[in-house]
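No lab work stands behind these numbers, since they all come straight from the coordinates. Quantities reported herein were computed from a predicted structural model and do not represent experimental measurements. Glycine gets a Cβ as well: all are built from the backbone with ideal geometry, and neighbour counts include every protein chain shown.
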């Protein structure tokens, strides 16, 4: 599997391109603010053809370029219904204080939007499991894949980071829901599952289970089963 990732924009949100291999179709995950040049470079260098944009959630630092990228390549943006309104109303996901600090902001909804309600997607020759993980936002999801070589990876958006978890103080945030999402969806994964988060560097489920101080106490130091 080919995975290309890079941080973009003022918030350094990670954008990822996933493909079975170079020269094939790909999906683009979380094209945020300023991600277009990096996407264009990756498509050119790896001879990739995008077939879909996938959003882990609707915050502007993860979807600011979603409409432009999707409309440029004639593809759809896949996002949970709970977060769809954030594609065209980004300030609604930020709260008054943060919205005021960032100033006026306008986004246009993509021409084609697909509600991300399926538990599994078959795109670009990849089988992508989709798990709804509310907490950071009401429509947050994680994407799980297995490589042809047998490795496992999960794109966690802003639900789980290396050494931290997503904030829950913005509109749509829910600390209790986040704890449930971590406990029931992410932490049962195998220790060697590679975590590709929405910000910062990669980690593994085992490493986070053993050392992440923000995980609910009852799931620290337990072994993964999947």
Exercise for review: Return a whole-number percent for the relative contact order of the chain, with Cα pairs under 8 Å and 6 or more residues apart as the contact set.
Suggested key: 15 percent
Revision key, fill the gap. GNM on the chain, Cα springs under 10 Å; top mean-square fluctuation among 207, 119, 146 goes to 119
Practice item. Report the residue, chosen from 151, 198, 166, that carries the largest GNM mean-square fluctuation when the chain is represented by alpha-carbon nodes joined by springs under 10 Å. Key: 151
Check your understanding: Let a ≥ b ≥ c be the square roots of the eigenvalues of the Cα gyration tensor of the stretch 1-108; is it rounded (a/c under 1.5), or, if not, prolate (a/b larger than b/c) or oblate?
Key -> prolate
Revision key, fill the gap. In a Gaussian network model of the chain with springs linking alpha carbons closer than 10 Å, the residue among 195, 141, 114 that fluctuates most is 114
Exercise for review: For residue 214 and residue 180, calculate 0.36 nm times their separation in residues minus their Cα-Cα distance, and state this gained length in nm to one decimal.
Suggested key: 10.9 nm
Point to revise | Label point distance in nm, residue 105-residue 25, each placed 7 Å from Cα along Cα→Cβ | key: 3.2 nm
Study note, to complete from the structure: Square roots of five times the C-alpha gyration tensor eigenvalues of the stretch 99-167, ordered largest first and given in whole Å, equal 27, 19, 11
**Study point:** Net lengthening on full extension, residue 112/residue 45 (0.36 nm per residue, minus Cα-Cα)
**Key:** 21.5 nm
**Study point:** Spacing of the two label points (7 Å from each Cα toward its C-beta) at residue 148 and residue 202, in nm
**Key:** 1.8 nm
Practice item. State, to one decimal in nm², a quarter of the convex hull surface area for the C-alpha atoms of the stretch 2-219, i.e. the direction-averaged projected area. Key: 10.9 nm²
**Study point:** Alpha carbon centroid spacing (whole Å) that separates the stretch 16-42 from the stretch 53-106
**Key:** 17 Å
